[in-house]
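The values are calculated or read from the model by the stated rules, or taken from the named source; none is laboratory data. Just so we're clear, the structure is a prediction, and the values are computed from it rather than from any experiment. Reconstructed Cβ throughout: ideal geometry from the backbone, glycine too, with neighbour counts over all protein chains shown.
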Amino acid sequence: MNLRDLRYLVALADVLHFGRAAEACHVSQPTLSTQIKKLEDELGVALVERAPRHVMLTPAGQDIAARARRVLSEVEQMRETARRTSDPEAGTVRLGLFPTLGPYLLPHVVPRIRARFPRLELLLVEEKTEVVLAMLRDGKLDAAVLALPLHEDWLETEFLFEEPFLLAVPEGHPLSHRHDLRLEELSDQHLLLLEEGHCLRDQALEVCALAGAGEKDGFRATSLETLRQMVAAGVGVTLLPTLAVKPPVSPSENIRLIAFRDPPPTRQMAMVWRRSSAMSAFLRQLAAVLRDLPPGLLEAPAEVHGKPARTSRAKA
């Protein structure tokens, strides 16, 4: 048994297709199939159910593939430990973020990370929270920036910041003249929300529950930018995180932002990684850079408290 064969098995478990698994491993399909068969012979158990257009892992295959993932992850941690020992601030970090945070946080933190760790290669992956957690668990990511709460006991957590929400309303809306409002004043509103799977949807639903507000029927957006455009078109109102209305987001003439009176609804962000990670000491340093945001970045735009603020989609 060798690491190469374990990688072949994990690749097959990921896609359940010999051809695609071979392509992912950069080998021919016969090569991958032969090595999987040799692994089965060595273990004395069938790992794969083979059918003409259908591939499944046997129960033993599923268990062994899960163990193989852990072995490969530990091997990668060994290599990373060796790299970090010789040069703690060099190497690669694979960082996961979710879509309603990544595009709005990264412009503010990536330059700071590059300045602090000039030899660091930062690889960024943007996926929904559930996918990011699965990739982190399987060793495909080194760390992630996610919204709290998280209940996985295998995670190490470093709190980063708390981000307030603003209410976005279209021009002409009954609330559009307001500069601020109390949370309970949303009780007669029905908010536009994201589809299932977005943590921002869950956060907005919590705010709705606190305010006694509801969800607008018949519409669920696939992205925060879709929500923004629906508000601009006069379809309804929504909650926007403060980072999503700060530069490099450019203004719009069709949306007005309203701040909440203290205490405003917020979402809490943390950097997380596996407790078993060999990179823990360095990741704490990286978390410190992510926590050190530019002054005023998490405050409502100044114009929210003066003249009405406007916002639109972020620049490409």
Please determine whether any residue of the range 22-40 is surrounded by 13 or more Cβ atoms within 10 Å (Cβ to Cβ) and under 21 Å from ALA134 (Cβ atoms). yes
Of everything in the range 43-80, what is surrounded by fewer than 13 Cβ atoms within 10 Å (Cβ to Cβ) and over 22 Å from ASP14 (Cα atoms)? Give them in sequence order. GLY44, MET78, ARG79
Got a sec? Which of ALA221, ALA288, ALA270, ALA309 is of a type in the set (Gly, Ala, Ser) and at pLDDT below 90? ALA309
Any residue that is surrounded by 14 or more Cβ atoms within 10 Å (Cβ to Cβ), touching a residue at least 40 places away in the same chain (Cβ under 8 Å) and more than 28 Å from the chain's Cα centre (by Cα) - is there at least one of those in the range 84-92? no
Residues of the range 224-268 satisfying the condition of being in a strand (DSSP E or B) and of a type in the set (A, V, I, L, M): VAL237, LEU239, LEU240, VAL249, ILE255, LEU257, ILE258, ALA259
Please enumerate the residues belonging to the range 227-251 that are surrounded by fewer than 17 Cβ atoms within 10 Å (Cβ to Cβ), among the small types (Gly, Ala, Ser) and out of contact with any Pro (no Cβ under 6 Å at 6 or more places or on another chain). ALA233, SER250
Hey, does the range 208-217 have a residue that's surrounded by fewer than 22 Cβ atoms within 10 Å (Cβ to Cβ) and within 23 Å of the chain's Cα centre (by Cα)? yes
Among LEU95, LEU133, LEU146, the single one that is hydrophobic (A, V, I, L, M, F, W, C), over 19 Å from ASP292 (Cα atoms) and crowded, with 17+ Cβ neighbours inside 10 Å is LEU133
Do you know which residues across the range 2-60 are small (Gly, Ala, Ser), without any contact (Cβ under 8 Å) to a residue 24 or more places away in the chain and assigned to a helix (DSSP H, G or I)? ALA11, GLY19, ALA21, ALA22, ALA24, SER33, ALA60
Search the range 150-167 for residues that are more than 30 Å from ARG256 (Cα to Cα) and assigned by TED's automatic domain parsing to the domain that holds PRO265 and pair each with any residue that is assigned to a strand (DSSP E or B) and among the hydroxyl-bearing types (Ser, Thr, Tyr) when their beta-carbon atoms are under 9 Å apart and the residues are at least 6 apart or on different chains. LEU150/THR157
Elements of type strands (runs of 3 or more DSSP E) contained in the range 131-205, each with 3 or more residues being among the small types (Gly, Ala, Ser) and on the phi < 0 side of the Ramachandran plot: 143-147
Somewhere in the range 61-70, is a residue among the polar types (S, T, N, Q) and farther than 30 Å from ILE255 by Cβ? yes
Filter the range 85-108 down to the residues that are within 19 Å of ARG119 (Cβ to Cβ) and at pLDDT 95 or above and list them by number. LEU95
